[in-house]
């Protein structure tokens, strides 16, 4: 009998990410927030790395994505351009 492993051990096919990846992502984001105030930590880089680990499939990633979509929708309704345009 041959069994196969999922293609990625950190994420399953139902969209949930593994606990190690989740903890590491939040740890990097926390260190990144500290790094915004402490000169010896690279805050932005750590936040980006943590966000990349959490990805779009995690509940916090979905929350941020939904918040951003609602924010941009409100800006368009108010007649203001989206940031970056």
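The values are calculated or read from the model by the stated rules, or taken from the named source; none is laboratory data. Worth saying up front: this structure is predicted, and the values here are computed from it rather than measured. Every residue, glycine among them, receives a Cβ derived from its backbone with ideal geometry; neighbour counts consider all protein chains shown.
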- Where residue 64 falls short, out of the listed (1) farther than 16 Å from residue 18 by Cα; (2) at pLDDT 85 or above; (3) assigned to a helix (DSSP H, G or I); (4) in contact with a helix residue (DSSP H, G or I) (Cβ under 9 Å, 6 or more places away or on another chain): (2)
- Message: Condition (residue is surrounded by 10 or more Cβ atoms within 10 Å (Cβ to Cβ), outside any helix (DSSP H, G or I), at pLDDT 80 or above and out of contact with any helix residue (DSSP H, G or I) (no Cβ under 6 Å at 6 or more places or on another chain)) applied to region 13-31: is it met by at least one residue?
- Response: yes
